[in-house]
Amino acid sequence: MTGTMLMVLGLWLVSLFLGLPLFAGLGLASFGFVWLSGIPLGIVAQKMAQAANSFPLLAAPLFILMGNVMNASGVTERIFGFAHAVVGWMRGGLCHANIVASVIFAGMSGSAVADAGGVGTIEIKAMRDAGYDVETAASVTAASATIGPIIPPSLPMVIYAVAADVSIGGLFLAGVIPGLMMAGALMAMVTVLARRRGLPRAPFGGPAAVWRAFASAALSLATPAILFGGMISGLFTPTEAAAVAAAYALLLGLVVYRTLPLAALPRLLAETVETTGVVLALLMTATALAWCLSLSRIPQMLGPAIVAAVGDPTLFLLAVNVLLLLVGTVMEAIAAMLVLVPILVPAAAGFGIDPIHFGLVFVLNLMIGTITPPVGVVLFVTARVAGLPFDRLARAILPWLAPLVTVLLAVTLHPPLATWLPRLVLG
């Protein structure tokens, strides 16, 4: 069976170069393997159905819906207004406000694309109006958007947890400290560049202005507290938290702020279904192929082989970083995750690496990949929002990769940055 699987994987790689959609290639590879192995074809459909029939996976469309509702109801404007009131007086204040707003929005949407396309629209316009060049505005927006999937809730973490059979709550908690470190590193970068470039600052409006901005955004700012508090206290699971968050977002938009017309709901639901459909198709076909890989015993052979060849868990993690950063330049994050999890997770287990730590490193790598050309999906979204040619933004983003990669290395080499909070809360 191993030889059959290697042949099927080779044909699948050829199909990718020919432009076949990834989910279609994964599905055809699965059917091809079972057909050549003499296994009934119906088993592939069964594995796909089992993958979709997952309670934890139900969190994905609910978090997507929450992000869409937050964007459509104007919550992002209130968040950015509060962030600007707090840090806008610093040199390069709108850059700092951009990053702080991304941290806050990260506790609501869990998606880098939602951050870049939602609050990013407001941030880029405000920065251009204040005299910032468009490259700076767009690159800061794209870089700070990567915080979204690291600070909980996180759609990529939900997908990883389902694919790797890891605790969603544990992964969520693991992202808090690294996410704040990413924000701190980016703000340090802004401080350096602001002095060199003489970036503007806004006058400080005083405590009264901060209070007014806080009062305007208070109910929106409560969203992360409701999510996080409910999960930590055990009041609800991460999946139930997603349902609560989606309902709360609808309550704010329809009843409290009244900025979300009922007529917009069908469009938001359609967008949610469309995004969920893409994710679900990838997950179902990747799960089927992972089962085929397991049956062929390729992961079981690769795991010990990697352990024997590398010999050291730290070297393994550094090699994984290089691999994932390279993969992130040519493959979309969730697709890369679903393809590589069945291969790398068993190897990590062979080294005795904490599964929560490895999951956080895995997701963080691929989120950096979303702003790495040539296939950086967040770069494409940000370039479209900013009206900036992709190649110009691809050059402008390069300096902003340095602080993010620095945080990645720190988390890789010092596991407690990811594991301390989950162990403290979950035991």
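Answer yes or no as to whether residue 409 is open to solvent by 30 Å² or more (accessible area, probe 1.4 Å), of a type in the set (A, V, I, L, M, F, W, C), closer than 21 Å to residue 156 by Cα and at pLDDT 90 or above. Write out each step before concluding.
On the way: open to solvent by 30 Å² or more (accessible area, probe 1.4 Å): yes; of a type in the set (A, V, I, L, M, F, W, C): yes; closer than 21 Å to residue 156 by Cα: yes; at pLDDT 90 or above: yes.
Judged against the criteria, residue 409 is a match.
Selection of the stretch 56-79 for residues being in a helix (DSSP H, G or I) and either in contact with a strand residue (DSSP E or B) (Cβ under 8 Å, 6 or more places away or on another chain) or among the small types (Gly, Ala, Ser) (or both) yields 59, 60, 67, 72. Out of all the residues in the stretch 80-102, is one or more of a type in the set (D, E, K, R), outside any helix (DSSP H, G or I) and open to solvent by 10 Å² or more (accessible area, probe 1.4 Å)? Checking the stretch 80-102: at least one residue is of a type in the set (D, E, K, R), outside any helix (DSSP H, G or I) and open to solvent by 10 Å² or more (accessible area, probe 1.4 Å). Residues of the stretch 344-386 that are open to solvent by 20 Å² or more (accessible area, probe 1.4 Å) and part of a helix (DSSP H, G or I): 345, 346, 349, 350, 355, 356, 377, 380, 384, 385. Considering each residue of the stretch 233-277, count those that are open to solvent by 80 Å² or more (accessible area, probe 1.4 Å), among the β-branched types (Val, Ile, Thr) and in contact with a helix residue (DSSP H, G or I) (Cβ under 8 Å, 6 or more places away or on another chain), and give that number. Result for the stretch 233-277: 1.
Listed here are the residues, each with its yes/no results for (1) open to solvent by less than 40 Å² (accessible area, probe 1.4 Å); (2) in contact (Cβ under 8 Å) with a residue 12 or more places away in the chain; (3) part of a helix (DSSP H, G or I).
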site: 192; (1), (2), (3): no, no, yes
site: 195; (1), (2), (3): no, yes, yes
site: 201; (1), (2), (3): no, yes, no
site: 214; (1), (2), (3): no, yes, yes
site: 219; (1), (2), (3): no, yes, yes
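Has the stretch 158-180 got at least one residue that is within 30 Å of residue 413 (Cβ to Cβ), open to solvent by less than 10 Å² (accessible area, probe 1.4 Å), part of a loop (DSSP other than H, G, I, E, B) and out of contact with any Lys or Arg (no Cβ under 9 Å at 6 or more places or on another chain)? Within the stretch 158-180, one or more residues are within 30 Å of residue 413 (Cβ to Cβ), open to solvent by less than 10 Å² (accessible area, probe 1.4 Å), part of a loop (DSSP other than H, G, I, E, B) and out of contact with any Lys or Arg (no Cβ under 9 Å at 6 or more places or on another chain).
Which residues, taken from the stretch 111-134, are in a loop (DSSP other than H, G, I, E, B) and either farther than 15 Å from residue 220 by Cα or at pLDDT 85 or above (or both)? Talk me through it step by step, then tell me what you get.
Here is the first cut: in the stretch 111-134, the ones in a loop (DSSP other than H, G, I, E, B) are 111, 118, 130-133.
Once the filter is applied, which keeps residues that are in a loop (DSSP other than H, G, I, E, B) and either farther than 15 Å from residue 220 by Cα or at pLDDT 85 or above (or both), the stretch 111-134 yields 111, 130, 131, 132, 133.
The values are calculated or read from the model by the stated rules, or taken from the named source; none is laboratory data. Remember, it's a predicted structure, so these values are computed and weren't measured experimentally. FYI the Cβ positions are ideal-geometry reconstructions off the backbone, even for glycines, and counts take in every protein chain you see. Areas reflect the complete protein model, heavy atoms only, side chains present, ligands, DNA and RNA absent. Shrake-Rupley method; radii C 1.70, N 1.55, O 1.52, S 1.80 Å.
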